[in-house]
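Asker: One structure is given below, represented as structure tokens, and several questions about it will come after.
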Amino acid sequence: TDESSGYESESADRSAAAACGTRGRQRRARTAFTSDQVCRLEKTFQRQKYLGATERRKLASALQLSEIQIKTWFQNRRMKLKRQI
């Protein structure tokens, strides 16, 4: 079962993990957001710290990202703000 969450998996990571005998769910490769995507995400975050399902869906579609990536970015950004305060 291949789950598509928008993250890119690297086959080298999988083969290295298999060689080491690592079992279970593998971590996905880190998403590299483009500067345009980050700019749009930051602008949206300045207006509202939390997104509802509709806003998240629209933003994900506009930025060609998954809703999970948008949700995670906002969670991480709120934690960054909390650390700065």
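Asker: Output the number of residues of the stretch 25-76 satisfying the condition of being touching an Asp or Glu at 6+ places or on another chain (Cβ under 8 Å), small (Gly, Ala, Ser) and either in a loop (DSSP other than H, G, I, E, B) or touching a residue at least 24 places away in the same chain (Cβ under 8 Å) (or both).
Answerer: So the answer is 1.
Asker: Would you confirm, using the coordinates I've provided, whether residue 18 is open to solvent by less than 90 Å² (accessible area, probe 1.4 Å) and either in contact with a helix residue (DSSP H, G or I) (Cβ under 7 Å, 6 or more places away or on another chain) or at pLDDT below 95 (or both)?
Answerer: Answer is yes for this residue.
Asker: Output the residue which, of all residues in the stretch 72-85 that are among the hydrophobic types (A, V, I, L, M, F, W, C) and surrounded by fewer than 14 Cβ atoms within 10 Å (Cβ to Cβ), is modelled with the lowest pLDDT.
Answerer: Only one residue tops the list, namely 85.
Asker: Quick one: count up the residues across the stretch 52-71 that are open to solvent by less than 60 Å² (accessible area, probe 1.4 Å) and of a type outside the set (A, V, I, L, M, F, W, C).
Answerer: Number satisfying all stated conditions: 4.
The values are calculated or read from the model by the stated rules, or taken from the named source; none is laboratory data. What you see is a predicted model, and the numbers here were worked out from it, not measured in a lab. Methodologically, a virtual Cβ is constructed for each residue, glycine included, from the backbone with ideal geometry; neighbour enumeration extends over all protein chains shown. Areas reflect the complete protein model, heavy atoms only, side chains present, ligands, DNA and RNA absent. Shrake-Rupley method; radii C 1.70, N 1.55, O 1.52, S 1.80 Å.
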